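The numbers here are math on the coordinates, done by the rules we state, and not lab data. Since this is a predicted model, take the numbers as computed values, not measurements. With ideal geometry, Cβ positions are generated from the backbone for all residues, glycine too; neighbour counts draw on all protein chains shown.
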Amino acid sequence: MPDLQQIKSTLKEYFGYDTFRPLQQEIIDAVFNHRDNLVIIPTGGGKSICYQLPALLLPGVTLVISPLIALMKDQVDGLLANGIHAAFINSSQTESEQQDIYQKLLDKEIKLLYVAPESLSFLDTIFSQIELSLIAIDEAHCISAWGHDFRPAYTQLGYLKTKFPKTPVIALTATADKATRQDICDQLNIPNAIQHLASFDRKNLSLEVRPGNKRIEQIINFLKDKPNDCGIIYCLSRKTTEAIAEKLQQQGYTAEAYHAGIDHHKRSKVQEGFINDTVQIVCATIAFGMGIDKSNVRWVIHYNLPKNIEGYYQEIGRAGRDGLPSSTLLFHSYADVVQLQKFANMSGNQEVQLAKLDRMKQYADSLSCRRKILLSYFGELIEEDCGNCDVCKNPPTFIDGTIIAQKALSTVTRIKEQEPIGTVIDILRGAQNAAVYDKGYQNLKSYGIGNEISWRDWQQYIIQLINQGYLEIAFHQNNKLKLTSRSKKVLFEGKKVSIAHLQEFEKIKEVAIEQ
Ligand code: ADP
Ligand code: ZN
């Protein structure tokens with residue numbers, strides 16, 4: 001195993017850096033110790049070095065599985081430019097180009113080999129002739145149906161560990177909730193992987209949600225105090241991107257639309273213009289921003305509600321990579337929710353998609369610190385409110401919700417965390433229906449202890465408890481409500497809970513439905 005001196009001089013020589021970013025060093029150490037690793041670091045946090053640096057010091061080849069064929073060439077070119085022997089194999093190459101790479105592999109002239117999951121099966125013969133030192137799986141969330149970007153070709157990757165049991169695996173992704181993390185490890189056959197979770201807290205990003213009426217007008221106002229800052233507006237449809245770009249052009253901004261229907265040449269031009277600051281605003285569908293490294297994006301607007309928190313987090317994360325204050329604004333409209341529900345219903349795993357959309361909606365509806373919700377979604381619990389989201393800056397009235405919380409949490413405890421929100425409320429309210437009677441819940445001590453609160457109010461209270469990290473939804477287990485490490489404090493340590501007064505919800509709903 002190389003010593004720290006060697007590792008640091010490699011970092012300097014090949015990547016030009018003197019110090020590691022958070023987690024990089026411990027991950028690299030774990031790789032050298034032959035451990036399997038699951039790495040969750042937000043976009044821009046420096047995941048690549050975690051396998052590229054070991055690749056340089058390990059004796060054999062590092063195999064990198066990457067879903068983005070379009071980006072593979074750029075990645076490899078970048079490595080070659082730094083003097084790192086890398087190559088890729090994918091379906092865009094001719095047979096002779098591939099033969100060429102096989103030969104180089106046999107001649108030990110390649111340290112990093114990038115492969116799309118679809119191309120893996122062709123490589124069996126070559127793998128039996130070379131030494132595989134490390135297997136890196138980029139965008140590892142793609143393996144999981146609980147993730148936000150499921151790709152069937154990823155599901156075969158589990159065989160890698162079976163076939164090369166001694167080769168350490170490092171799976172990397174920018175975002176994965178708890179269920180997805182577990183699923184990734186299960187499917188990759190790396191049950192003992194060390195999970196390295198970076199903090200998801202991007203304090204320099206302000207968070208704001210507004211009702212989605214007169215959006216164009218609101219955007220133009222939003223831009224008034226940032227006439228030269230560049231930013232991205234994410235939209236659900238291609239048509240919207242074009243309409244907004246046109247409106248902004250009329251206002252004198254250099255704004256361009258970017259979506260999959262625009263030809264490749266024009267798209268690269270928009271992207272380059274944005275990177276070089278000649279295009280100030282890009283109005284894009286979700287395809288924009290993957291793999292671009294622009295540090296001075298000052299704001300991100302979501303014209304439509306994103307379909308899940310992973311996607312939302314990733315997209316707002318494109319702002320403020322330089323660490324300077326940057327703004328994010330999300331428009332919330334129930335028309336979008338309905339549209340997204342339709343999409344979710346058409347998708348392969350609709351239950352998961354609907355549950356994720358529900359969480360997104362709860363975030364947008366929230367009356368407690370939004371950053372707390374975002375972070376708790378990724379399993380990170382913070383004590384203090386952030387002070388940099390619209391709820392913190394303009395807080396609703398709060399009431400003492402300790403007793404309400406105790407009732408809900410003790411009910412979840414008594415039913416052994418086996419039911420979703422609806423049934424928990426039925427029990428609290430002493431409902432007389434099949435969901436309750438079938439399992440004998442009417443005999444519980446909790447039965448009916450919350451009947452003074454209406455069904456709808458209970459729903460809102462429980463959502464607040466989830467948003468504050470006192471409960472969580474297990475998407476992978478029929479959305480059952482589960483306790484968290486924080487629940488104990490309320491149940492046994494007398495922790496006080498404050499929750500927003502419910503009239504505040506009414507106000508929000510009215511504004512949003514009105515348009
Ligand atoms: P990710 O894959 O997590 O999105 P990258 O690996 O592409 O992130 O790294 C993002 C940026 O951070 C790159 O420009 C990279 O060169 C830079 N970077 C990575 N590690 C370090 C480091 N230790 N010190 C300084 N910059 C780094
Ligand atoms: Zn906040």
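Data overview
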quantity	calculated
Among Asn204, Ile425, Ile292 - extreme Cα towards positive end, dipole of the chain, charges at beta-carbon	Ile425
Cα centre as origin, Lys/Arg/Asp/Glu Cβ charges: the range 326-477 dipole, Debye	180 debye
Residues with amide H under 5 Å from that of Leu172, placed H, sequence gap 5 or more	Val39, Ile137, Asp138, Glu139, Ala140
Burial order of peptide ranges 114-120, 162-168, 419-425 (average beta-carbon count within 10 Å, highest first)	419-425, 114-120, 162-168
Long pairs among Lys269/Lys372; Lys161/Lys489; Lys416/Lys495; Lys73/Lys342; Lys47/Lys489, criterion Cα-Cα beyond 32 Å	Lys269/Lys372; Lys161/Lys489; Lys73/Lys342; Lys47/Lys489
Gap separating the Cα centres of the range 228-276 and the range 142-159, nearest whole Å	31 Å
Mean separation of Cα contacts under 8 Å (6+ apart) over length of the range 424-506, as relative contact order %	21 percent
Alpha carbon centroid spacing (whole Å) that separates the range 438-496 from the range 396-424	2 Å
Cα-centre dipole for the chain with unit charges at Cβ (Lys and Arg positive, Asp and Glu negative), debye to 20	1120 debye
Highest average packing first - 476-486, 368-378, Cβ atoms within 10 Å	368-378, 476-486
Assigned charges on the beta-carbon of Lys, Arg, Asp, Glu; the range 1-135 dipole about Cα centre (debye)	360 debye
Counted charge near Leu123, where neighbours are those whose Cβ lies closer than 15 Å (Asp, Glu -1; Lys, Arg +1)	-4
Contact order normalised by residue count of the range 134-210, Cα under 8 Å, 6+ apart, percent	35 percent
Ranking of Val39, Val282 by count of other Cβ atoms within 10 Å, fewest first	Val282, Val39
Residue exposure sequence - Arg414, Arg318 - by fewest surrounding Cβ within 10 Å	Arg414, Arg318
Residues whose placed amide H lies under 5 Å from that of Ser498, excluding near-sequence neighbours	Gly401
Charge sum, other residues only, whose C-beta stays under 12 Å from Lys372's C-beta, Lys/Arg counted +1 and Asp/Glu -1	-2
Percent antiparallel among DSSP beta bridges (both partners in the chain, rounded to 5)	15 percent
Percent of alpha-carbon pairs separated by more than 28 Å within the chain	59 percent
